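Derivation of every value follows stated rules applied to the coordinates shown; laboratory data play no part. Just so it is clear, the structure is predicted and the values come from calculations on it, not from any experiment. Cβ: placed from backbone, ideal geometry, glycine included. Neighbour counts: every protein chain shown.
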Amino acid sequence: MDLGLNKKKAIVCGASKGLGYAVARGLAQEGVDVAINSRNEEKIKSAAERLASETRQQIYPFAGDLTDPYFPQKMVSAAADRLGGVDILVTNAGGPPPGAFESIDEAAWEKAVDLSFMSHVRMIRAALPYLRKSKAASVLTITSYSVKQPIPNLVLSNSIRLATIGLTKTLALELGADAIRFNSILPGWTETERVRELMAPRAEAAGTTIEEEIAKQMADSPLGRMATPEEFANAAVFIVSPAAAYITGVMLSLDGGMYKGTL
Ligand SMILES: NC(=O)c1ccc[n+]([C@@H]2O[C@H](COP(=O)([O-])OP(=O)(O)OC[C@H]3O[C@@H](n4cnc5c(N)ncnc54)[C@H](OP(=O)(O)O)[C@@H]3O)[C@@H](O)[C@H]2O)c1
């Protein structure tokens, strides 16, 4: 199938590693020029060099913190200049820290709202003028299956990401008339550094290893394993592509059947 992505222009946030990197790579393999972002300048530059040499596409690194209210606007306008427009925006960042409700103070809630909700709002707001000019405009928010089934010890993620789902669906309804599509992918457990960070406190509390904690978690998974970042990227690349032109307002679980509800 031709996804229709050749020569399109994309911005992918949180892309020095993990899911964001895999999506940027998948897009570049389809002929997309990509602006990528993460906080660490050295890491995002080196990710861009790897992607450019592997895919022969133009890859532009932008170092900056998505929780800084002024960064998204600056980055989007600089990225749009370099790319010559924006057709696709993938909003993503690291997840908020683990912890049970009583361990989370006011400052941690505010920080998590900036990271897991306002970063999406600000990136989308900044990108809209460019997306309106595109003939293949598409936005993908990366959230979590925790919006359907809360994950133990992750009250910040379980709570705040629901706002991003509400945002994604609302924008699909509000901006469908402008031919801009909005979807979200809700990843389940996927082999990235984030998973090791989440399993470390569980292992410490249980006196086990990270590997043992991952195995315990996977015992609850119908497929019995975590996803690979490439499996996540395959779905992401399709859903933002012109081949998925009639898909909007979809919250796609990519969790190997981990969510046990029927709807
Ligand atoms: N992996 C999973 O199993 C899974 C499951 C459900 C949901 N998720 C969610 O999906 C998202 C991506 O997960 P992942 O596993 O790919 O995480 P990851 O491996 O920790 O990668 C996160 C990426 O975001 C960047 N980043 C973090 N904070 C940022 C900020 N404030 N501003 C700009 N960039 C930032 C990181 O680079 P720098 O450090 O250089 O900034 C890195 O490139 C996270 O929100 C995660 O919670 C993941």
| field | Unsatisfied cross-links (Cα-Cα over 29 Å) in the set Lys7/Lys45; Lys45/Lys111; Lys8/Lys111 | value | Lys8/Lys111
| field | Phi-based couplings in Hz for the range 193-200 (Karplus 6.51, -1.76, 1.60; Gly and Pro marked x) | value | 4, 4, 5, 5, 4, 6, 7, 4
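Using the Cβ atoms and a cut-off under 12 Å, what net charge is assigned to the surroundings of Ser144, where Lys and Arg are +1 and Asp and Glu are -1?
Values: positive: Lys148, Arg161, Arg194; negative: Asp255.
Here the charged neighbours net out to +2.
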| field | Sites Glu106 and Glu42 - FRET efficiency at Förster radius 41 Å, r taken between beta-carbons, to 0.05 | value | 0.80
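Largest first and in whole Å, give the semi-axes of the range 143-184's equivalent ellipsoid, each being the square root of 5 times a Cα gyration tensor eigenvalue. Could you put the intermediate results ahead of the total?
Numbers: eigenvalues 135, 12, 6 Å².
Taking √(5λ) for each Cα gyration eigenvalue gives 26, 8, 6 Å.
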| task | With 5 Å bins from zero, work out the P(r) of the chain over every alpha carbon pair and list the percent per bin. | result | 1, 6, 13, 18, 20, 17, 12, 7, 3, 1, 0
| Qualifying lysines (Cα of each under 19 Å from Cα of Lys43; at least 8 residues distant if same chain) | Lys17
| Between the range 9-38 and the range 39-68, what's the alpha-carbon centroid distance in Å? | 9 Å
| message | Cut-off under 25 Å on the C-alpha distance; same-chain residues fewer than 8 positions from Lys260 excluded. Which lysines are left, in chain and number order? | response | Lys148, Lys169, Lys216
| field | Total formal charge among the other residues, if their Cβ is under 10 angstrom from that of Leu66, Lys/Arg +1 and Asp/Glu -1 | value | -1
| Exposed-loop-free span, longest in the chain, where chymotrypsin sites (Phe, Trp or Tyr not before Pro) count as exposed if DSSP calls them loop and at most 10 other C-beta atoms lie within 10 Å | 71-245
| said: I'd like the Karplus ³J(HN,Hα) series for the range 163-173: coefficients 6.51, -1.76, 1.60, θ = phi - 60°, whole numbers in Hz, and an x wherever there's a Gly or Pro. | reply: 5, 5, 5, x, 4, 4, 5, 4, 5, 4, 6
| message | If exposed means no more than 15 neighbouring beta carbons inside 10 Å and the site is in a DSSP loop, what's the longest run of the chain without any exposed trypsin sites (Lys or Arg not before Pro)? | response | 136-224
